[in-house]
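Enquirer: This structure is in structure tokens; I'll ask about it shortly.
The values are calculated or read from the model by the stated rules, or taken from the named source; none is laboratory data. Just so we're clear, the structure is a prediction, and the values are computed from it rather than from any experiment. Every residue, glycine among them, receives a Cβ derived from its backbone with ideal geometry; neighbour counts consider all protein chains shown.
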Amino acid sequence: MKNVLCFGDSNTYGTPPATGPDDARRYDGRTRWPGVMRKILGHSWHVIEEGLPGRTTIRDDLIEGDFKNGRRYLAACLESHRPLDVIVLNLGTNDLKARFGSPPEDVAAGVDILAGIIAATPNLGNPPARLLIVCPPPILLAGFLGVMFAGGVEKSKALPPLYEAVARRHGAEFLDAGTLVSVSPVDGIHYDKAAHRILGEAIAGKVQEMVP
């Protein structure tokens, strides 16, 4: 059986468009995009979901908690799930929060650091896992999250070529999710069910190309 690890934030976890800070829901396993991918890939693949709402690439969040820093957990996550055939890295939206003040180049640099950790982690004597870097779609300033992401819209639009350059540097595959899906106008960050289906289908197709 082949193993694919989906390492991401709330859009990998399956958070629906939220109407307020107490709106703590989650799409079911068939609806969120890793579940869509699981159905397409079939029984020969084990899809590992590692989505955490609020997760950043490499940034400590002094408000939501340092554990939101993807760098702090990635190496342990890789070792606990190895051997891995494919890793889908889908992060960066939370780095756009106003509290971090990060330019788009720094967001991409965070992805670059995570890609380096992935490359340096032994895979139990197996060939290194293939890496797919997914650039999140542009955000909107909407709903109760608008203030939290103030100044992030233009930064999010600048990410695709920066992410693609990181992917080239690491010999990874690249997918620009913004060419396929859009965030919901309800909160400007999360995906509706249709977007999860489209993204899951697209990522499944990429994984099948990477490991036939």
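Enquirer: Out of everything in the range 10-64 that is among the hydroxyl-bearing types (S, T, Y) and out of contact with any helix residue (DSSP H, G or I) (no Cβ under 6 Å at 6 or more places or on another chain), what residue ends up being farthest from A108 (Cα to Cα)? Talk me through it step by step, then tell me what you get.
Expert: Just the residues of the range 10-64 that are among the hydroxyl-bearing types (S, T, Y), to begin with: 10, 12-13, 15, 19, 27, 31, 44, 56-57.
From what's left, out of contact with any helix residue (DSSP H, G or I) (no Cβ under 6 Å at 6 or more places or on another chain): 10, 12-13, 15, 19, 27, 44.
On the way: S10: 18, T12: 19, Y13: 21, T15: 23, T19: 29, Y27: 28, S44: 33 Å.
Ranking the candidates gives S44 first.
Enquirer: Give the residue, chosen from A142, A75, that is over 25 Å from I198 (Cα atoms), among the small types (G, A, S) and free of Cβ contacts under 8 Å to residues at least 60 places away in the same chain.
Expert: Values: A142 fails: over 25 Å from I198 (Cα atoms).
On inspection, the qualifying residue turns out to be A75.
Enquirer: Filter the range 1-26 for residues that are closer than 19 Å to A115 by Cβ and of a type in the set (S, T, Y) and give the result.
Expert: Passing the criteria: only T12.
Enquirer: Which members of the range 18-37 meet the condition of being assigned to a helix (DSSP H, G or I) and surrounded by fewer than 22 Cβ atoms within 10 Å (Cβ to Cβ)? Break it down stepwise before answering.
Expert: In the first step, residues of the range 18-37 are kept if they are assigned to a helix (DSSP H, G or I); the result is 33-37.
Correct list: G35 only.
Enquirer: Could you list, ordered by first residue, the pairs with Cβ atoms under 6 Å in which the first is in the range 148-173 and more than 19 Å from E209 (Cβ to Cβ) and the second is at pLDDT 95 or above and surrounded by fewer than 15 Cβ atoms within 10 Å (Cβ to Cβ), at least 6 apart or interchain?
Expert: Within 6 Å, the pairs are A150/A98; G151/A98.
Enquirer: Residues that are in contact with a strand residue (DSSP E or B) (Cβ under 8 Å, 6 or more places away or on another chain) and either under 26 Å from P16 (Cα atoms) or not basic (K, R) (or both): does the range 151-158 have at least one? Reasoning before the result, please.
Expert: First, the residues of the range 151-158 that are in contact with a strand residue (DSSP E or B) (Cβ under 8 Å, 6 or more places away or on another chain): none.
No, there is no match, as no residue in the range 151-158 is in contact with a strand residue (DSSP E or B) (Cβ under 8 Å, 6 or more places away or on another chain) and either under 26 Å from P16 (Cα atoms) or not basic (K, R) (or both).
Enquirer: If I ask for residues that are touching a residue at least 24 places away in the same chain (Cβ under 8 Å), more than 19 Å from the chain's Cα centre (by Cα) and closer than 20 Å to K68 by Cα, which ones from the range 21-54 would you list?
Expert: Within the range 21-54, just P21 meets the criteria.
Enquirer: Quick check on R59: is it more than 13 Å from the chain's Cα centre (by Cα), assigned to a loop (DSSP other than H, G, I, E, B), modelled with pLDDT of 95 or more and over 15 Å from E201 (Cβ atoms)?
Expert: The answer is yes for R59.
Enquirer: While we're looking at this one, here's another question. Take the range 67-86 and flag every residue that is closer than 22 Å to E173 by Cβ and part of a helix (DSSP H, G or I). Show your work before the answer.
Expert: From the range 67-86, those closer than 22 Å to E173 by Cβ are 70-71, 74-75, 77-78, 81-86; that's our starting set.
Scanning the range 67-86 gives G70, R71, L74, A75, C77, L78, H81.
Enquirer: Is it true that some residue in the range 4-17 is in contact with a Gly (Cβ under 9 Å, 6 or more places away or on another chain), of a type outside the set (S, T, N, Q) and surrounded by fewer than 14 Cβ atoms within 10 Å (Cβ to Cβ)?
Expert: We begin by selecting, within the range 4-17, every residue in contact with a Gly (Cβ under 9 Å, 6 or more places away or on another chain); these are 6-15, 17.
Keeping just the survivors that are of a type outside the set (S, T, N, Q) gives 6-9, 13-14, 17.
Restricting the remaining residues to those that are surrounded by fewer than 14 Cβ atoms within 10 Å (Cβ to Cβ) gives none.
There is no residue in the range 4-17 that is in contact with a Gly (Cβ under 9 Å, 6 or more places away or on another chain), of a type outside the set (S, T, N, Q) and surrounded by fewer than 14 Cβ atoms within 10 Å (Cβ to Cβ).
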